[in-house]
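**Student:** Before anything else, here's the structure in question.
Computed from the coordinates by the stated procedures, all read-outs in this text should not be read as laboratory data. A quick note: this is a predicted structure, and the numbers were derived from the prediction, not measured. Reconstructed Cβ throughout: ideal geometry from the backbone, glycine too, with neighbour counts over all protein chains shown.
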Amino acid sequence: MARENKSRYAILGLLSLEPMSGYDIRKKIAASIGHFWSEGYGQIYPILKQLVAEGLATCTPQVQTGRPDRLVYAITPAGEAQLRAWLHQPVEPAVERNELLLKLFFGRQLSPSDSLQHIHDFRARQEGLHAEFLALEKHVREQFAQHPDAPFWRLVIGYGVRHSEAMIGWCDEVAVALARLATDRLATDRVDLEQEHGEDQHTDHKAEQESARGGDNDRQKARHGDG
């Protein structure tokens, strides 16, 4: 059975906060749920049209001077009921597609230094996210202290803070492990090179011995011939 499209519930949830235009929804996504829920902007207007057709939202034109009418969408009681019904449902497990972990899984094909660069880049992104979440946490605390949804927003932001902190710690552990692997690989390569050099020397020495024996045989044959 096909998985249910959750995008409609993301839009309904945003409309439950306040009536918004499609443009308002785009800005709200970027400033809030976009940190943990990827929503294609091209899907917003088709979803809004569908919600209106199903009676889950209304669309009201607002006249703007010198500009096209602004379409403002609002959730209906039926939309609120459907949103609550979905919120009650168990959360479906999701398999993450993580390119960093995929490349690290096949890391034997790279030098440890290449994998380490991937980790450094990822760590830098996590540090940026951590700072962003802390700033967002401060913004919600100062600007939305009395908002009824603020306690739940802070819970979600807290997840982002803790997750980025955990990822930074994980990166530090991986960096140590990769540095150790690089040292071990260097030592192994050095041993292999020394063994190869030793085998080459042995081969050269053996060739010299065989050449010397050949020369002795030639000299003996020459003496016999003179005799």
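**Student:** For the ranges 35-44, 109-118, 57-66, what's the packing order if you count other beta-carbon atoms within 10 Å of each residue, average per peptide, and put the highest first?
**Tutor:** Order by mean packing, descending: 109-118, 35-44, 57-66.
**Student:** Sort the stretch 1-94 into rounded, prolate or oblate with this rule: let a ≥ b ≥ c be the square roots of the eigenvalues of the Cα gyration tensor; rounded if a/c is under 1.5, and if a/c is not under 1.5, prolate when a/b is larger than b/c, oblate otherwise.
**Tutor:** prolate
**Student:** Next question. For the stretch 89-95, just list the computed ³J(HN,Hα) in residue order, Karplus coefficients 6.51, -1.76 and 1.60, θ = phi - 60°, integers in Hz, with x standing in for Gly and Pro.
**Tutor:** 5, x, 6, 6, x, 10, 8
**Student:** Additional query: State the answer as a single residue: which of Gly40, Gly79, Phe105 lies farthest towards the positive end of the charge dipole of the stretch 22-105, with beta carbon charges of +1 for Lys and Arg and -1 for Asp and Glu, about the Cα centre.
**Tutor:** Of the listed residues, the answer is Gly40.
**Student:** Can you give me the Cα centroid spacing of the stretch 153-182 and the stretch 30-71 in angstrom?
**Tutor:** Rounded to whole Å, the Cα centres lie 36 Å apart.
**Student:** Tell me the label-point distance for the pair Ala74, Gln89, using the 7 Å Cα-to-Cβ offset, in nm and rounded to one decimal.
**Tutor:** Spacing of the two 7 Å Cα→Cβ label points: 2.7 nm.
**Student:** Need the full-extension length gain, Ala182 to Phe36, defined as separation in residues times 0.36 nm minus the C-alpha distance. One decimal, nm.
**Tutor:** Answer, rounded to one decimal: 49.1 nm.
**Student:** Roughly what % of Cα-Cα distances in the stretch 1-160 sit above 24 Å, to the whole percent?
**Tutor:** 51 percent
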